[in-house]
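The values are calculated or read from the model by the stated rules, or taken from the named source; none is laboratory data. Here the structure is a predicted model, which is why all the values come from computation and not from measurement. Cβ: placed from backbone, ideal geometry, glycine included. Neighbour counts: every protein chain shown.
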Amino acid sequence: MSSWGIIGVGRIGLSMARNMSSKDISLSLYDKTFDKKLNPIFETKKLYPELKSTLVFKDISSFVDSIQKPRKILVLVPYGKPNDQVISKLLEILDEGDILIDGGNTNPVISSNNHLKTKKNKILYLGMGVSGGTEGVLNGPSMMIGGDINAFNIVKKDFSLITSKTIDKSSSFDFFGDSNQGHFVKMIHNGIEYVEMQLISSIYKLLNDSGNYDNEKIAKIFKEWNNSNLKSYLLDISIKKVLEKIDDKYLIDKIDDLAGDNGTGRWMLNYGIELGCSTSLLSSAMDTRFISNLKGERNKISKIIKQSPKSFDININSLSRAYQFCRIINYIQAFCLINAANSSYNWNISISKALNVWSNGSIIKSSLINLFYSNYSVEKILNDKTIITDLNDFKSDLIDIITVSLKNDVSIPCFADALNYFNQISNNSLSTNMIQAQRNYFGSHSIKIEVKAGNN
């Protein structure tokens, strides 16, 4: 019998299976589309030799029966209906004390509901966010876990075998709370990722539109940054994609400018609204994806607003500092949302712990995470005087880059939002007194009169 089961053997599931099998963890595998996509892999078992001892099933009941009790089953199927169907079926056939692990990108609200369902059946539940992509999962993923602590204690030995080493030399997984906190932390991770991707994309667009930087030159700039404190996994893969060619043509120049999303960014925006936290950079990044899909409308409007090709200069040093400014603000907004969730839901998610888990194996691993972990008071980030001073030092560079983009009709989403956010959090007098005065006039909403020194 196998010690583990995996349901869903797509790209991530296959990488996870290869990783676990290579660590001598015996596996049973199930995928409802086995006949279509798994036969070429498992009939000969020559493509991935590490999987030669795995058991493969076309029937979910037989799959469950092949796993030793208490069963440990990891579900890696797409979010939504496929995930719901699998979990519903498992609730019918698993036994008391079995462990069900939802390893997909699951909405934290749904994850909480799944936990409640498993409790009724006396099944142990873990909601686990997994980061790393196919390569990261194969070589040591980052895993953010919530749910039953007893289940976590059972599986953590095996998880230590398949994950990477982090900043503090521990393994790149951790337990964040007894409910849906694992999927919540993964949602935060993905929100940070969305903004990071948009920042890099905006920089590429600005450089490309300037007329002074082709793909080779842009890749060179990115390489220089990636050998500095700007180093990140996302920057590294961007270099590779900028230089990738098909038929001697750059692939990036052929890709249509339509960007999708997997839902996690939307969930984070909803949490920001619910908890009253600014997620302006994520909102800007998401808006850009939404607008990108108005392709027909964009084509028509662009014919009306005809723009002549321009050539303009960009200070690369200022650009790098503006980039770092925006990245820091991105993390500050994410940390503030975690703190708000802790306060509202009586959670105790440690930001330091999250950074540690993200520091290796994750899509967002970077030198910046190491900087946050080592140099700033991340649990109460807005009270850290050092980070505010650092941001202020970069502010003039950001203004310069925004000015260049505005003068030349180049959209660089998130940059202006980062500046606006900083200007607001660093100002003790906002325009909101007028808003409250208006609310008081038409709705009799209460107002607070500020008592200044020297007034009676």
task: Determine whether region 383-401 contains at least one residue that is over 15 Å from the mean Cα position of the chain (by Cα), crowded, with 21+ Cβ neighbours inside 10 Å, under 30 Å from residue 209 (Cβ atoms) and among the acidic types (Asp, Glu).
output: no
message: Could you go through region 327-342 and let me know if any residue there is over 22 Å from residue 418 (Cα atoms) and either surrounded by fewer than 19 Cβ atoms within 10 Å (Cβ to Cβ) or of a type outside the set (Gly, Ala, Ser) (or both).
response: yes
message: Only one of 62, 53 is outside any strand (DSSP E or B), at pLDDT below 90 and of a type in the set (Gly, Ala, Ser). Can you tell me which?
response: 53
message: Need pairs with beta-carbon distance below 6 Å; first residue part of a helix (DSSP H, G or I) and within region 385-396, second surrounded by fewer than 16 Cβ atoms within 10 Å (Cβ to Cβ) and of a type in the set (S, T, N, Q); sequence gap 6+ or separate chains.
response: none
statement: Within region 243-257, residues under 15 Å from residue 198 (Cα atoms) and in contact with a strand residue (DSSP E or B) (Cβ under 8 Å, 6 or more places away or on another chain) come out as none
Yes/no for residue 184 being surrounded by fewer than 24 Cβ atoms within 10 Å (Cβ to Cβ) and among the aromatic types (Phe, Trp, Tyr): no
task: Go through region 335-361 and give me each residue that's in contact (Cβ under 8 Å) with a residue 60 or more places away in the chain, within 23 Å of residue 109 (Cβ to Cβ) and not in a helix (DSSP H, G or I).
output: 347, 348, 349, 350
- prompt: Going by the structure shown, is residue 227 free of Cβ contacts under 8 Å to residues at least 12 places away in the same chain, crowded, with 17+ Cβ neighbours inside 10 Å and either within 30 Å of residue 397 (Cα to Cα) or of a type in the set (Asp, Glu) (or both)?
  reply: no
- line: From the option list 137, 109, 64, single residue qualifying as of a type in the set (A, V, I, L, M, F, W, C) and farther than 30 Å from residue 271 by Cα is 64
- line: Of those in region 5-28 that are under 27 Å from the mean Cα position of the chain (by Cα) and of a type in the set (A, V, I, L, M, F, W, C), the residue nearest to residue 141 (Cα to Cα) is 16
task: Please determine, by comparing only the residues of region 402-443 that are outside any helix (DSSP H, G or I) and within 27 Å of residue 192 (Cβ to Cβ), which one is nearest to the chain's Cα centre (by Cα).
output: 414
query: For region 269-279, does any single residue satisfy the condition of being in the same structural domain as residue 421 (by TED's automatic domain parsing), buried (at least 21 other Cβ atoms within 10 Å of the Cβ), farther than 30 Å from residue 169 by Cβ and polar (S, T, N, Q)?
result: yes
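Among the strands (runs of 3 or more DSSP E) lying completely within region 82-194, list those that include at least 1 residues that are over 27 Å from residue 50 (Cα atoms) and assigned by TED's automatic domain parsing to the domain that holds residue 22.
Counting at least 1 such residues, we get 124-131, 142-147, 173-175.
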statement: Output for Cβ contacts, cut-off 8 Å, separation at least six or different chains, first residue over 19 Å from residue 321 (Cα atoms) in region 230-242, second crowded, with 16+ Cβ neighbours inside 10 Å and β-branched (Val, Ile, Thr), reads 241/252; 242/218; 242/252
message: Can you find a residue that is assigned by TED's automatic domain parsing to the domain that holds residue 372, surrounded by 10 or more Cβ atoms within 10 Å (Cβ to Cβ) and without any contact (Cβ under 8 Å) to a residue 60 or more places away in the chain anywhere in region 302-314?
response: yes
query: All but one of (1) under 16 Å from residue 365 (Cα atoms); (2) crowded, with 22+ Cβ neighbours inside 10 Å hold for residue 167; which doesn't?
result: (2)
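To keep it simple, each residue is scored yes or no on (1) touching a residue at least 24 places away in the same chain (Cβ under 8 Å); (2) surrounded by 15 or more Cβ atoms within 10 Å (Cβ to Cβ).
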| site | (1), (2) |
| --- | --- |
| 368 | yes, yes |
| 380 | yes, no |
| 426 | yes, no |
| 436 | no, no |
| 442 | no, no |
